[in-house]
Amino acid sequence: MAVVGFAGLAACGDTVGEQALVGAGTGAATAAATGGNLGTGAVVGGAANVAYCQANPGACRSIN
């Protein structure tokens, strides 16, 4: 299931807010699928997606 979560992190938004939202959704979904804490999954996923997208802007596909 973790692989499914990380696959969603490759989708960046055009803004930091969109990147955080996409990552938070993916993190929460992964946490739900694995029996983890939804809040923690959302926070970690949001932060990870923003960090990745900001460090690798050409590696992400737009959500639009």
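The values are calculated or read from the model by the stated rules, or taken from the named source; none is laboratory data. It should be emphasised that the depicted structure is a prediction, and the values quoted were computed from it without experimental measurement. Backbone-built Cβ (ideal geometry, glycine too); neighbour counts: all protein chains shown.
Please find, within the stretch 18-35, the residue that is surrounded by the fewest Cβ atoms within 10 Å (Cβ to Cβ) out of those that are within 8 Å of residue 46 (Cβ to Cβ) and of a type in the set (Gly, Ala, Ser). Of everything passing the filter in the stretch 18-35, 20 is surrounded by the fewest Cβ atoms within 10 Å (Cβ to Cβ). Which condition from (1) in a helix (DSSP H, G or I); (2) modelled with pLDDT of 95 or more is the one that residue 18 breaks? Just one mismatch for residue 18, condition (2).
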